[in-house]
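Heads up: the structure comes next, in C-alpha cells.
The values are calculated or read from the model by the stated rules, or taken from the named source; none is laboratory data. Not measured: the values here are computed from a predicted model. Because the Cβ atoms are built from the backbone with ideal geometry, glycine has one as well, and the counts that use them run over all protein chains shown. Surface accessibility is based on the protein's heavy atoms, side chains included, excluding ligands, DNA and RNA. Shrake-Rupley method; radii C 1.70, N 1.55, O 1.52, S 1.80 Å.
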Amino acid sequence: MTVDRNVLSLQLRKLRLSRIGEILDHHMQKAADQNLTHLEFLNRLVGDVVLFKREKMIQGRIKQARFPFFRRLEDFDFEFQTSVPEARVQEHAQLQFVEAHDNLIFLGPPGT
C-alpha cells in the first residue's frame, strides 16, 4: 500500500497535527535504525508532538501576559543580591509547597 504524502499532509493539517508531517521522516528513519515496533514508533512520534504543543502553549501564554521583560530563576544573580538565600529559593522552585497546599509569600524591599 502506498501513501500519497500530499494527502497525508492535508489530513494531518485538518486534524491540526501538521507537526507530525514535519518530524515524520526523522522518526521513520530512527524507527528503522533502531528496529522499533509500531507501537514504540507511534509513542515516540506522539510524545514529540505533545512536547512541541506544550512548549508552544507556554510560549503563547508568556506572550499573552505581555511581561515588560522576561526573566527566569536561572538568571537571578544571587551574588549581587546576597540577602536572598539561593538554597531556599531553589527549594521553593521545586514547588513542594503547592503539593502540600501551603502558601508562599515573598516579602522585601523593591528589587528583591
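Observations on the model:
- When restricted to residues that are within 10 Å of residue 19 (Cβ to Cβ) and open to solvent by less than 100 Å² (accessible area, probe 1.4 Å), region 51-65 contains 2.
- Criterion (in a helix (DSSP H, G or I), of a type in the set (Lys, Arg) and free of Cβ contacts under 8 Å to residues at least 24 places away in the same chain) met by exactly one of 71, 19, 13: 13
- Extreme residue, surrounded by the most Cβ atoms within 10 Å (Cβ to Cβ), among residues of region 79-112 that are at positive phi and at pLDDT below 90: 108
- Residue in region 28-41 that is among the basic types (Lys, Arg) and open to solvent by 100 Å² or more (accessible area, probe 1.4 Å) present: no
- Scanning region 13-52 for residues that are under 17 Å from residue 3 (Cα atoms) and touching a Lys or Arg at 6+ places or on another chain (Cβ under 7 Å) gives a single hit, 27.
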